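First up is the structure itself, then whatever we jot down about it.
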Amino acid sequence: MTRDESENGPEDMLIDGNEAEAPGRKQLDAIHDEFNANYLRVYYGKLFPYSDMFKWMSYGNDGKHPACDQTYIGRREFSFTLVDDIYVRFQSFASLNELERSIREKCPFKIDIGPVYSVDPTKRHAYAQSGDNVFTPVERELIFDIDMSDYDDVRYCCAGADVCKECWPLMTVAIKVIDTALRNDFGFNHILWVYSGRRGVHCWVCDRKARILSNEQRACIADYFRVYKGNENSHKKISLSGLVLHPFLARTYTEVLKDYFEEKLLLSQNILSTEERYEKILDMILDETVTTELRGKWREKRRSSITKDINVIRWEQLKQLLHSGKHKAMGLRRCIEEIVFSFTYPRLDMEVSKHMNHLLKAPFCVHPKTGRVCIPIDPSNCEEFDPTTVPTLSMLLEELNRGYSRDDFTDELDRTSLGKSIRYFRSSFLQPLLRSCKEEMESSYNAKIQQSKNSLSW
């Protein structure tokens, strides 16, 4: 048991990915070439964007406006995962200097961000002794966690924690689908997508109306995206019932899923190339007449002068047969869509999104298994993102050490490939968010002043 488990109890340990990623002593012995603690100290000393992170977590409450809540940032939980698998939870920082000093001194292998509590989390025991249950989360970004390992049953190039350019389009699809729905269907504006550093992506919805959602409301939003009904032993994990699809699902299919499946994944994953693989598709078709006819065609070994890819040929045969007049029965109405959804639709970790007290890895952390920095992803250009080209610790140190004159650059960031990501974070996410926070704060303050004036006039 770790030091902090002993202090806080395992029931509090809702931390993103710790069971697989906590850097224990054994893991240090086999650490990736791109990562080591000395590199990390340099990174925290020269490149980590402390000021930007603190401004984000403050949501405008670090200013001098009379409406600012000066206790706000001090009620936010930060968690560090240190060497030897030590979790240090329920930390809080009242100032930028405190945050920076603590990270520099402790050099955490991982930083997780939790909710804003009703009281300072470092003083939770004192409040517990008072007998009042006042230590409770009151605000937290709406978050989503999408992990590539959850797609292992539909990708054949990689498995587990491994990813490559052939399967990464599954994450691109997830970003496009979720981001569009959050903006168009729910009206959220301030959304940050972040590469997890290894095998997935994280989403932070930071609008105030998202941050104050209850657990029940978060669960409703998460369920809006749920289409998977089966389990790992089910042949058919998706059932799209009804005469017409829900508008969100119909838009998702026509604008994103169909093209990505037919133009990218069908070929890159060779989904219909072997009997073992096409049998998984046939298992999703509940009409034995159809499956028997397709199986017969696909098992034929006739030579052909056709130069089309075998996956494309078989997919066209499947669609043609299901669209033919004799197979337009109600039970097969959604079969093609269900196959496409099964292979491409986002697979969310629903529990992460439903609970306010779930921790999530901070942006600009460094993944200890890959050495890659958890950089933001532009959702409007996410198809260009390549996880294999993400800045690593060793790459950043090499860039810092190239011997450029300090006079040639305004700061250390301009000497590294991380600068582009931090500038994107500032200009596309942080600055619009803080402008919105300032406007909301000013509006709320003016409304209170007016209300006070009105009450005095009586």
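The values are calculated or read from the model by the stated rules, or taken from the named source; none is laboratory data. These numbers come from a predicted model, not from an experiment. All Cβ positions, even for glycine, are placed from backbone atoms using ideal geometry, and neighbour counts span all protein chains on display. Ligands, DNA and RNA are excluded from the accessible area calculation, which covers all protein heavy atoms including side chains. Shrake-Rupley method; radii C 1.70, N 1.55, O 1.52, S 1.80 Å.
Considering each residue of region 159-171, count those that are under 16 Å from residue 372 (Cβ atoms) and either touching a Leu at 6+ places or on another chain (Cβ under 6 Å) or surrounded by 17 or more Cβ atoms within 10 Å (Cβ to Cβ) (or both), and give that number.
3
Considering only region 263-278, state which residues are touching a residue at least 60 places away in the same chain (Cβ under 8 Å) and closer than 15 Å to residue 172 by Cβ.
264, 265, 268, 269
If we keep just the residues of region 59-78 that are polar (S, T, N, Q) and under 29 Å from the mean Cα position of the chain (by Cα), which is nearest to residue 92 (Cα to Cα)?
71
Report whether or not residue 196 is over 21 Å from residue 214 (Cβ atoms), surrounded by 21 or more Cβ atoms within 10 Å (Cβ to Cβ) and polar (S, T, N, Q).
The answer is yes for residue 196.
Failed condition for residue 134, given (1) among the β-branched types (Val, Ile, Thr); (2) under 30 Å from residue 178 (Cβ atoms); (3) surrounded by fewer than 21 Cβ atoms within 10 Å (Cβ to Cβ), with all others met?
(2)
Only helices (runs of 4 or more DSSP H) wholly contained in region 44-134 count here; list those with 3 or more residues that are within 30 Å of residue 427 (Cα to Cα).
Ranges flagged: 50-58, 96-106.
With (1) more than 21 Å from residue 421 (Cα to Cα); (2) open to solvent by less than 10 Å² (accessible area, probe 1.4 Å) as the list, and residue 205 as the residue in question, which single condition is left unmet?
Going through (1) more than 21 Å from residue 421 (Cα to Cα); (2) open to solvent by less than 10 Å² (accessible area, probe 1.4 Å) one by one, residue 205 breaks only (1).
Taking the condition of being open to solvent by 70 Å² or more (accessible area, probe 1.4 Å) and in a helix (DSSP H, G or I), how many residues in region 409-427 meet it?
3
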